[in-house]
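Participant: One structure follows; several queries about it will come next.
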Amino acid sequence: MRRVPPFQLTGGPAYAYVQVAAHLEARIRAGELTARLPGEQALREEYGVALGTVRKAVGVLRDRGLVVTVPSLGTFVSP
């Protein structure tokens, strides 16, 4: 399993949610995240961003077909 470098906002031209989504995608593709994603609050704390940023990032992953969200159960990596 390939390790993904720790996350750090670059302050570059990409919005924070795009950077978080890219990091989460890299973790999924590296096999680091394989089942249920951590909850929104846990991701917010891990990445040091606002809750809305986490929600938009997960939305990007959902739009790309990488994750699926089941209400009241959580967000899971797509098979």
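Each reported figure results from applying straightforward, stated rules to the coordinates on display, with no laboratory input. None of the values given here were measured: they were computed from a predicted structure. So basically every Cβ, Gly included, is an ideal-geometry build from the backbone, and we count neighbours across all protein chains shown.
Participant: Is it the case, given these coordinates, that VAL49 is surrounded by 13 or more Cβ atoms within 10 Å (Cβ to Cβ) and closer than 14 Å to TYR15 by Cα?
Facilitator: yes
Participant: Could I ask something else about it? Six or more apart or on different chains, Cβ atoms under 8 Å: show the pairs whose first residue is in region 62-79 and farther than 20 Å from ALA22 by Cα and whose second is surrounded by 15 or more Cβ atoms within 10 Å (Cβ to Cβ) and not aliphatic (A, V, I, L, M).
Facilitator: Taking only residues 6 or more apart or on different chains, the pairs are VAL70/PHE76.
Participant: Which residue out of VAL70, VAL54 is surrounded by 11 or more Cβ atoms within 10 Å (Cβ to Cβ) and either closer than 18 Å to PHE7 by Cα or more than 10 Å from the chain's Cα centre (by Cα) (or both)?
Facilitator: None of the others qualify; the one that does is VAL54.
Participant: Take region 28-44 and flag every residue that is more than 21 Å from GLY12 (Cα to Cα) and not hydrophobic (A, V, I, L, M, F, W, C).
Facilitator: Scanning region 28-44 gives ARG29, GLY31, GLU32, THR34, ARG36, PRO38, GLY39, GLU40, GLN41.
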